[in-house]
Amino acid sequence: QVQLVESGGASVQAGGSLRLSCAASGLGYSAYCMGWFRQAPGKEREGVARMHTRGGPTYYADSVKGRFTASRDNAKNTLYLQMNSLKPEDTAMYYCAARNDWIGYCDGSAADYIYWGQGTQVTVSA
């Protein structure tokens with residue numbers, strides 16, 4: 001069974017940086033889409049950065065392009081999200097998510113993803 005555990009969330013001031021980590025277990029050597037989503041209270045869950053474990057492009061939300069960078073270490077079964085130049089509007093619960101995918105089209109809605117972590121809170125103060 002797949003388990004995802006996020007860490008690294010914190011409260012920071014605008015302009016600061018954070019690095020989130022997602023430790024995955026149970027993925028084995030299968031092909032997956034993995035990525036980061038975020039959700040603020042009362043708002044829809046938004047795809048932040050998504051990628052395939054076998055390579056290909058990373059899909060970023062327009063609001064984070066140039067500021068956030070997703071990366072992965074398949075050997076360590078870990079997904080990362082480096083967040084720079086944080087803004088108050090980045091405040092949200094950040095979730096790591098995954099789904100089985102054999103084609104490589106990892107963009108899409110949160111509803112397409114099957115496995116979810118518990119989330120880690122990121123709060124950015126003005």
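Values quoted throughout were computed directly from the atomic coordinates according to the rules given, and no laboratory measurement underlies them. All values reported here derive from a predicted model rather than from experimental measurement. Heads up, the Cβs are rebuilt from the backbone with ideal geometry, glycines too, and the neighbour counts pull from every protein chain shown.
For every other residue with a beta carbon closer than 15 angstrom to the beta carbon of ALA24, add +1 if it is Lys or Arg and -1 if Asp or Glu, then tell me the sum.
Net charge around ALA24: +2.
Skipping prolines and chain starts, which residues have an amide H placed within reach, meaning under 5 Å, of the one on ALA40, given they are 5 or more residues away or on another chain?
Long-range HN contacts for ALA40: MET93.
How about the range 40-120: which chymotrypsin sites (Phe, Trp or Tyr not before Pro) there lie in a loop by DSSP and see at most 14 other Cβ atoms within 10 Å?
Here the sparse-neighbourhood loop sites are TRP102, TYR105.
Tally Lys and Arg at +1 and Asp and Glu at -1 over the other residues with C-beta under 13 Å from the C-beta of SER71: what net charge comes out?
+3
Could you tell me the calculated FRET efficiency between ALA10 and ALA111, based on Cβ-Cβ distance and R0 = 25 angstrom, to the nearest 0.05?
0.30
With a cap of 12 neighbouring Cβ atoms within 10 Å, and only residues DSSP puts in a loop, list the trypsin sites (Lys or Arg not before Pro) found in the range 52-126.
LYS65
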